[in-house]
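> One structure, as structure tokens, below. Some questions next.
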Amino acid sequence: MNGHWLDALMPHLLVAPILLPMLTAALMLLLGRRMPQSQRLLGVLSTALGLGIAIALLAWVKESGGTGAVGVYLPGNWPVPFGIVIAADRLTAMMLLITAIVASASLLFSAAGWDKAGVHFHPLFQLQLMGLNGAFLTADLFNLFVFFEIMLTASYGLLLHGSGWPRVRSGLHYVALNLMASLMFLLGAALLYGITGTLNLADMAVKIPQIPTTDRGLLHAGAAILAVAFLTKAAVWPLNFWLTPAYASASPPVAALFALMTKVGLYALLRLWTLLFPPTAEGSAMFGSEVLVWGGLITLAFGAIGMLASQQVGRLAGFSVLVSSGTLLAAFGFGQSTLTGAALYYLMSSTLALCALFLITDLVERSREADEPLPPFDMDDESLPFPVDMLVQEEINLDDQEDALIGRAIPAAMAFLGATFIACALLIAGLPPLSGFVGKVAMLTALFNPYGLTDSVATIRPAGWALLILLVLSGLLALIAFSRAGIRFFWAPQDRPAPRLRVIEFLPISALMLLCLLLVVRAEPVLAYTYRTAHGLHQPDAYVGAVMAATVRPGQGPLKPPAPLPVTPAVSTTPLGVAPSALARLRPAAESLQPPAPLQGLSASRSQP
């Protein structure tokens with residue numbers, strides 16, 4: 001293997017994406033508001049280092065080979081399932097990399113002045129990254145809730161960053177709905193803990209098949225309540241009316257970072273659903289599949305109609321998030337490995353495109369006059385509606401200064417904005433030759449031809465045909481909506497001055513567009529990675545085995561853990577409340593516990609792929 005230096009850093013490297021932004025935020029608070037330039041520089045350096053760590057983790061899981069490359073870290077050196085567990089597989093590494101890329105682009109863009117619109121922007125930004133990374137890395141349900149709350153608490157401050165009544169109003173709606181979702185999260189987690197006796201996801205996956213049939217209803221109720229919390233965060237209809245106003249009113253770098261928020265909810269759903277309810281789970285196989293599929297399809301349709309009805313670029317971008325979320329949820333719900341792999345490719349493409357679109361929104365709006373009114377609509381007026389009436393008539397070849405309109409050079413800033421706006425439109429609509437088209441074709445190929453070049457013929461569900469129709473229609477409606485917006489902001493205005501485009505604004509948008517182009521050029525290896533990732537998700541034995549096999553470091557373990565509180569388990573258990581099969585696996589680790597050496601610090605464990 002060529003990554004010996006990565007092996008030397010593992011498994012301690014796993015906790016770096018959590019500790020780095022946490023320590024950076026603490027240091028920023030110590031610096032105070034009187035050193036804004038130092039905070040900005042520290043934030044950029046920390047985010048760049050986080051990007052390097054994400055690339056290193058992706059390289060490690062890729063070089064480890066196979067679909068079961070899983071790194072495991074035990075922060076407190078407690079045996080599984082008693083202590084906190086940090087785990088990283090192919091899906092985790094991919095999400096960490098996407099988070100680092102989006103965060104780097106958003107933070108660079110904010111350096112143009114948006115970070116000065118309010119207080120504590122940079123500490124909140126780093127805490128948001130800490131919550132995002134922790135949610136992707138954690139391997140137990142309670143710590144998933146903790147990182148969700150860190151992420152949401154930071155997002156409350158970032159959403160209200162700045163001023164204005166629309167931002168406050170949408171922010172209050174956002175806070176209220178997410179507090180309700182957090183309550184549902186706690187209720188669902190409590191029910192699953194009561195029925196399984198554990199919060200460790202891998203241990204929960206082991207115990208669920210042992211639950212008696214009489215208690216399956218309670219298990220499904222807990223999973224459904226937990227799913228409501230995740231579906232709220234994933235902005236699934238009808239729980240998504242908060243998203244468009246909130247994202248449209250947020251500052252552009254914050255909205256670009258928020259493009260990841262719905263992906264966290266989708267990640268949690270995919271992780272828990274494939275772990276707890278795989279096709280091999282007797283009595284609970286593929287529980288909730290139809291709800292996920294049809295919920296995603298309705299969200300996709302709702303988002304497409306919302307795009308067509310949007311008159312502002314910010315709202316158009318917000319409804320584009322709903323289209324992406326609905327497409328991914330419907331694809332995940334089919335439970336097919338190849339379809340999930342294609343959807344993960346689409347996830348990367350759509351996230352980068354949405355991030356760039358939110359950043360472009362600020363530049364497009366900057367080119368408008370603040371007091372530009374919309375033309376009144378008169379039912380008795382037979383003239384063509386806006387914006388066609390604003391176009392220059394064919395017989396007019398001179399402007400007000402008697403200068404020829406033909407042959408006039410387009411300002412560089414407007415040319416750049418127009419090109420990137422068209423690229424975002426093609427990516428979101430799924431048109432060739434960009435990565436949005438590749439992702440949609442890969443999904444439809446996996447849906448209608450899952451067996452490849454064989455004589456086998458797949459049976460297409462009605463939901464599959466519905467997904468095909470909605471993907472085509474949503475692309476058409478997106479194309480209409482973006483074409484109308486492009487005509488309004490780039491074509492119809494003649495006397496509007498070109499916006500001033502700074503280098504710090506040009507760089508992140510260009511980088512995101514180049515990455516989308518790279519996804520097309522390197523589509524084959526990227527799809528190979530996502531297919532292997534999906535295969536590991538739908539066959540979670542390697543993940544479960546790696547987490548459960550993690551051992552404490554001898555001689556540095558904690559004190560013997562206390563006996564759990566007496567509970568009434570739903571499965572056949574020992575007097576300690578642990579299933580016999582799980583106790584047999586834990587006995588060697590328990591016998592290896594020794595009194596701790598004085599203050600020897602944290603230790604870690606790594607599973608072999």
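> Treat every Asp and Glu Cβ in region 116-234 as -1 and every Lys and Arg Cβ as +1, leave all other atoms uncharged, and give the resulting dipole magnitude about the Cα centre to the nearest 20 debye.
That gives a dipole near 420 debye.
> Give the carbon-plus-sulfur fraction of the accessible surface of region 116-259 in %, rounded to a whole number; probe 1.4 Å, heavy atoms of protein chains only.
75 percent
> Distance between the C-alpha centers of region 272-325 and region 222-258? Whole Å please.
Region 272-325 and region 222-258 have Cα centres separated by 11 Å.
> Counting only protein chains, not ligands or nucleic acids, how are LYS233, LYS62 ordered by accessible area (probe 1.4 Å), most first?
So, going from the largest accessible area down, we get LYS62, LYS233.
> Another one. For region 32-120, what is the accessible area per residue in Å², given a 1.4 Å probe and the full set of protein chains?
35 Å²
> Then there's this: Each label point is 7 Å from the Cα along the Cα-to-Cβ direction; what then is the distance between the points at LEU187 and PHE448, in nm?
Here the answer is 4.2 nm between the modelled labels.
> Once the piece of chain linking VAL146 and LEU476 is laid out straight, how much longer is it, given 0.36 nm per residue of separation minus the C-alpha distance between them?
114.7 nm
> Quick check: residue separation of LEU431 and MET286 times 0.36 nm, minus the Cα distance between them. What number comes out in nm?
Between LEU431 and MET286, full extension yields 49.0 nm more.
> Leaving out ligands and nucleic acids, and using a 1.4 Å probe, what accessible area per residue does region 130-238 come to in Å²?
34 Å²
The values are calculated or read from the model by the stated rules, or taken from the named source; none is laboratory data. Everything quoted here is computed from the prediction, not taken from an experiment. All Cβ positions, even for glycine, are placed from backbone atoms using ideal geometry, and neighbour counts span all protein chains on display. For the accessible areas, the whole protein counts, side chains as well, though only heavy atoms, and no ligand, DNA or RNA atoms are used. Shrake-Rupley method; radii C 1.70, N 1.55, O 1.52, S 1.80 Å.
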